[in-house]
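The values are calculated or read from the model by the stated rules, or taken from the named source; none is laboratory data. None of these values were measured; they are calculated from a predicted model. Every residue, glycine among them, receives a Cβ derived from its backbone with ideal geometry; neighbour counts consider all protein chains shown. Note: accessible area is taken over every heavy atom of the protein model, side chains too, but ligands, DNA and RNA are not part of it. Shrake-Rupley method; radii C 1.70, N 1.55, O 1.52, S 1.80 Å.
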Amino acid sequence: MQSCQLIEEVPAVCLFCSANLCLRQQVLNLALGEDKDVLCLKCLAADNNKSAEELLDSLAAYIVSRECFAKQWKIYGGPELCPDPVGCLPDLCFKKRD
């Protein structure tokens, strides 16, 4: 199993709830223009008035379409690499997107 990689310049803890962030949660924040005050998926969704599912699905499609984000996003090759499969949404996060 691959170890959890992170983007060093981006905080690894949620500003609101102090949850540890995974690489993909860091990328979600970057896709929204946040690189300092980053949030976990649940807090990020609440801050954007969406469900976690809605936010993840809409941003993931955007992320995979942008090479700068997709490169980091694809480091996690499958749901078995999700560092928080119980507290997150690995099935939706790793859904095949064109």
| query | Would you pick out the residues in segment 22-38 that are open to solvent by 10 Å² or more (accessible area, probe 1.4 Å), in a loop (DSSP other than H, G, I, E, B) and either in contact with a helix residue (DSSP H, G or I) (Cβ under 8 Å, 6 or more places away or on another chain) or over 18 Å from residue 86 (Cβ atoms) (or both)? | reply | 32, 33, 34, 35, 36, 37
| task | Starting from residues that are charged (D, E, K, R) and over 18 Å from residue 31 (Cβ atoms), keep the ones in segment 62-98 and report whichever is least open to solvent (accessible area, probe 1.4 Å). | result | 84
| said: So, in segment 49-61, how many residues would count as being open to solvent by 40 Å² or more (accessible area, probe 1.4 Å), within 21 Å of residue 14 (Cβ to Cβ) and either modelled with pLDDT under 95 or among the aromatic types (Phe, Trp, Tyr) (or both)? | reply: 2
| request: Hey, can you tell me all the residues within segment 39-77 that are closer than 17 Å to residue 90 by Cα, assigned to a helix (DSSP H, G or I) and basic (Lys, Arg)? | output: 42
| query | Going by the conditions given, is residue 36 at pLDDT 95 or above and over 14 Å from the mean Cα position of the chain (by Cα)? | reply | no
| In segment 82-98, how many residues are of a type in the set (D, E, K, R) and not in a loop (DSSP other than H, G, I, E, B)? | 1
| field | Residue ID - farthest from residue 92 (Cα to Cα), chosen from residues in segment 4-21 that are touching a residue at least 24 places away in the same chain (Cβ under 8 Å) and either open to solvent by less than 20 Å² (accessible area, probe 1.4 Å) or acidic (Asp, Glu) (or both) | value | 9
